[in-house]
Amino acid sequence: MRIILASGSQTRRGIMDSIKINYDVIKSGVDETCDILDPALYVEELSRRKAKDVSAKVGRGDYIILAADTIIYKDGKKYEKPKSIEEAFKNLKELSGGTNIAVTGVTLIDNRLDNIETFSDITKVSFKDISDEDLKFYIDHHPDILYNAGYTLEGIMSLFLEKLDGDFYNVLGLPLGKIYTMLNKMGYSLKDLD
């Protein structure tokens, strides 16, 4: 059984590489706008759309499509990928000194059996107060600032982390523990994915 990652994200590819499972990448071409207000339902819907799009592209076969969508959420506001450096700075300024929630929706489609499973995971991320000077340093030295709300927890941003409650990988966009549990529920072990 082959996994197809329905994402062009370098971070998600890096996570997949780290667990030594063979996989292919086929990016979805779906519209990523959605009117759903609940953060968990929002990312679940987008992950489902991505997975179904890629599933339709490859057709029936021995594939498991893995799609995910992540947003950052704080005080009723959704923070998605910033469209500019200025927006990333504004986002990070608002997240500084407080707790935000990383919400990732995941959909797995077993293309052989037409089985679809969707779930979401939540991680609470608390940051120290970050000075404007340090935020600017981070932005100047981060290779891909236009990521979830403007941050990942790797590298420089880890210096500003006060507390993490939940799955670290969920913040990066792939909650591996829950994905593994769901694959088991679907009847697969790691040897089936080699």
> When only Cα pairs under 8 Å and 6 or more residues apart are kept, what is the percent relative contact order across the range 100-194?
Replying inline: 31
> Counting Lys and Arg as +1 and Asp and Glu as -1, what is the net charge of the other residues whose Cβ lies under 15 Å from the Cβ of residue 34?
Replying inline: -3
> Any idea what the relative contact order of the chain is, in percent, if you count C-alpha pairs under 8 Å spaced at least 6 apart?
Replying inline: 23
>> Can you tell me what percent of all Cα-Cα pairs in the range 11-82 are more than 16 Å apart?
In response: 57
> On a 0 to 90 degree scale, rounded to 10, what angle separates helix 39-58 from the longest Cα axis of the chain?
Replying inline: 40
> Percent relative contact order of the range 125-176, based on C-alpha pairs within less than 8 angstrom and at least six residues apart?
Replying inline: 46
> Considering the alpha-carbon set of the range 128-189 alone, what are its Rg and its Dmax in angstrom?
Replying inline: 15.4, 50
> Once you list every other residue whose beta carbon is under 10 Å from the beta carbon of residue 122, what net charge do they have if Lys and Arg are +1 and Asp and Glu are -1?
Replying inline: -2
>> Normalised radius of gyration for the range 2-193, please: alpha carbon Rg relative to 2.2 N^0.38 Å, two decimal places.
In response: 1.04
> Can you give me the Cα centroid spacing of the range 150-176 and the range 46-112 in angstrom?
Replying inline: 14
> For the chain, what does -39500 (n - 2.57) per DSSP helix run (n ≥ 4), summed and divided by total residues, give at 222 nm, in deg cm²/dmol to the nearest 500?
Replying inline: -10000 deg cm²/dmol
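Readers should treat all values here as calculations from the given coordinates under stated rules, not as data from a laboratory. This one's a predicted model, so the numbers in the text were calculated from it and none came from an experiment. Quick reminder, even Gly has a Cβ in these numbers, built from the backbone with ideal geometry, and neighbours come from all protein chains shown.
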